[in-house]
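The values are calculated or read from the model by the stated rules, or taken from the named source; none is laboratory data. The model shown is predicted, which means the values in this text are computed figures rather than measured ones. Positions of Cβ are backbone-derived with ideal geometry, glycine not excepted, and every protein chain shown enters the neighbour counts.
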Amino acid sequence: MSATALSMLISYLRHSGYEFFTPTPATHYRVNRRPGNEKALDLAGAFGWSRPFARFLLSDELFNALRDGGVLWESEHGWNSRLRASTLGEDIFLHSAFPTTASDAVFFGPDTYRFAREIRSHLAAHPRRLDRVLDLGCGSGAGGVVVAKNSCCTELVLTDINDAALQLARVNADSAGLPNVRTKHSDLFSAVEGRFDLIVANPPYLNDPLERAYRHGGGELGSGLSLRIAQAAKDSLSSGGSLLLYTGSPIVRGVDRLLQNIEQSFAGGDLSWSYEEIDPDVFGEELETDSYSQVDRIAAVVLTAQSRK
């Protein structure tokens, strides 16, 4: 998609007073099925709820830029956007339209708001100057943007294995007015150099049969990627640097499987760490699948680990 068209869209939405808070996919589906919600009547309907809309909803200049830039496509019901726009604080983040079925879909949702809240809390509790910050598997770039806007951050590095995510993360960071931001294609830490004062990550943590990059965590019930990040991050932390990992964990017969593995991995190491369950029940619909037939619930958790000085 055209970077110019993406920037024009964010600018247009901001000046229009646009606001949209992305719900869960289940809620999105239910709301769109209500009578009267078949088509978008305003910008939130078109770029938030991903409903088809009439051409006259946009100015000719913006419509032409978005159409020619690959953002819009035409169906029998009207024009459709390939992207959604969600608000987080004073910023607008572009990410994939609903439903997110594509293998390179870019995630933003309720987890993003929890992730942002945990980042702000961490920064408030540990005020310090941050020379280098890494948003690992950045998706829309929301985590890194929140860090930069709530701290003294000299350099922000946004990495992802998904090039579509990196493009949107760059546009979103530019729109937020952030200097000194670098985007880099990297499979976890494979292409990342140097050490960081803060690493934040909100990786996928579900067992997705389609293995979509934004959703599939692999390993044991989707927690494999989170464990790999926790294990590898310690070698990329500066002295006194910290990792904030927001993720999900399967609870099986009362046992938190991710916590169990973290305890084994960090035993006798040189990290001080804490682990907190912040939401006891997310993505409950997954429990109806065969993969989660023995799982009690999926919990949203936060792991914080700090390198000892």
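In the range 157-166, is there at least one residue being part of a loop (DSSP other than H, G, I, E, B), crowded, with 19+ Cβ neighbours inside 10 Å and among the hydroxyl-bearing types (Ser, Thr, Tyr)? Spell out how you get there, then give the answer.
Start the filter on the range 157-166 by keeping residues that are part of a loop (DSSP other than H, G, I, E, B), which leaves 161-162.
Retained after the next criterion (residues that are crowded, with 19+ Cβ neighbours inside 10 Å): 162.
Subset that is among the hydroxyl-bearing types (Ser, Thr, Tyr): none.
Checked against the condition, which is being part of a loop (DSSP other than H, G, I, E, B), crowded, with 19+ Cβ neighbours inside 10 Å and among the hydroxyl-bearing types (Ser, Thr, Tyr), the range 157-166 yields no hits at all.
Could you grab me the full set of residues in the range 177-206 that are more than 17 Å from the chain's Cα centre (by Cα), in contact (Cβ under 8 Å) with a residue 40 or more places away in the chain and not in a strand (DSSP E or B)?
If the condition is that a residue be more than 17 Å from the chain's Cα centre (by Cα), in contact (Cβ under 8 Å) with a residue 40 or more places away in the chain and not in a strand (DSSP E or B), then PHE189, VAL192, GLY194, ARG195 are the ones that fit.
Residues to consider are ASP60, ASP68, ASP104, ASP91; find the one that is under 16 Å from the mean Cα position of the chain (by Cα), surrounded by fewer than 17 Cβ atoms within 10 Å (Cβ to Cβ) and outside the structural domain of LEU136 (by TED's automatic domain parsing).
On the way: ASP60 fails: under 16 Å from the mean Cα position of the chain (by Cα); ASP68 fails: under 16 Å from the mean Cα position of the chain (by Cα); ASP91 fails: surrounded by fewer than 17 Cβ atoms within 10 Å (Cβ to Cβ).
Exactly one of ASP60, ASP68, ASP104, ASP91 is under 16 Å from the mean Cα position of the chain (by Cα), surrounded by fewer than 17 Cβ atoms within 10 Å (Cβ to Cβ) and outside the structural domain of LEU136 (by TED's automatic domain parsing), namely ASP104.
Scan the range 71-88 for residues that are without any contact (Cβ under 8 Å) to a residue 24 or more places away in the chain and surrounded by fewer than 18 Cβ atoms within 10 Å (Cβ to Cβ) and jot them down. Full working, then the answer.
In the first step, residues of the range 71-88 are kept if they are without any contact (Cβ under 8 Å) to a residue 24 or more places away in the chain; the result is 72-76.
Matches in the range 71-88: TRP73, GLU74, SER75, GLU76.
Quick one: in the range 253-299, of everything that is closer than 21 Å to GLU118 by Cβ and β-branched (Val, Ile, Thr), which residue is surrounded by the most Cβ atoms within 10 Å (Cβ to Cβ)?
ILE298
Sort through LEU57, LEU43 and tell me the only one that's hydrophobic (A, V, I, L, M, F, W, C), farther than 22 Å from ALA213 by Cα and without any contact (Cβ under 8 Å) to a residue 24 or more places away in the chain. Steps first, answer last, please.
Working: LEU43 fails: without any contact (Cβ under 8 Å) to a residue 24 or more places away in the chain.
None of the others qualify; the one that does is LEU57.
Scan the range 131-168 residue by residue and report those that are among the hydroxyl-bearing types (Ser, Thr, Tyr) and more than 18 Å from LEU94 (Cα to Cα). Show your work before the answer.
Just the residues of the range 131-168 that are among the hydroxyl-bearing types (Ser, Thr, Tyr), to begin with: 140, 151, 154, 159.
Within the range 131-168, SER151, THR154 qualify.
Here's a check for you: in the range 242-287, which residue that is of a type in the set (Asp, Glu) and more than 17 Å from ALA125 (Cβ to Cβ) is farthest from the chain's Cα centre (by Cα)?
If we filter the range 242-287 for residues that are of a type in the set (Asp, Glu), which is where we start, we get 256, 263, 270, 276-277, 279, 281, 285-286.
Now narrow it down to the ones that are more than 17 Å from ALA125 (Cβ to Cβ): 256, 263, 270, 277, 279, 281, 285-286.
Values: ASP256: 23, GLU263: 26, ASP270: 29, GLU277: 19, ASP279: 17, ASP281: 19, GLU285: 20, GLU286: 19 Å.
Step by step, filter the range 242-287, then rank; the result is ASP270.
Does VAL255 satisfy the condition of being closer than 22 Å to ASN207 by Cα, free of Cβ contacts under 8 Å to residues at least 12 places away in the same chain and of a type in the set (A, V, I, L, M, F, W, C)? Write out each step before concluding.
Working: closer than 22 Å to ASN207 by Cα: yes; free of Cβ contacts under 8 Å to residues at least 12 places away in the same chain: yes; of a type in the set (A, V, I, L, M, F, W, C): yes.
For VAL255, the condition - closer than 22 Å to ASN207 by Cα, free of Cβ contacts under 8 Å to residues at least 12 places away in the same chain and of a type in the set (A, V, I, L, M, F, W, C) - is met.
Return the residues of the range 38-57 that are in contact with a Gly (Cβ under 9 Å, 6 or more places away or on another chain) and exposed (fewer than 14 other Cβ atoms within 10 Å of the Cβ); say none if nothing qualifies.
ALA54, ARG55
Restricting to the range 10-51, give me the number of residues that are part of a loop (DSSP other than H, G, I, E, B) and either at pLDDT below 95 or out of contact with any His (no Cβ under 9 Å at 6 or more places or on another chain) (or both).
Total satisfying the criteria: 17.
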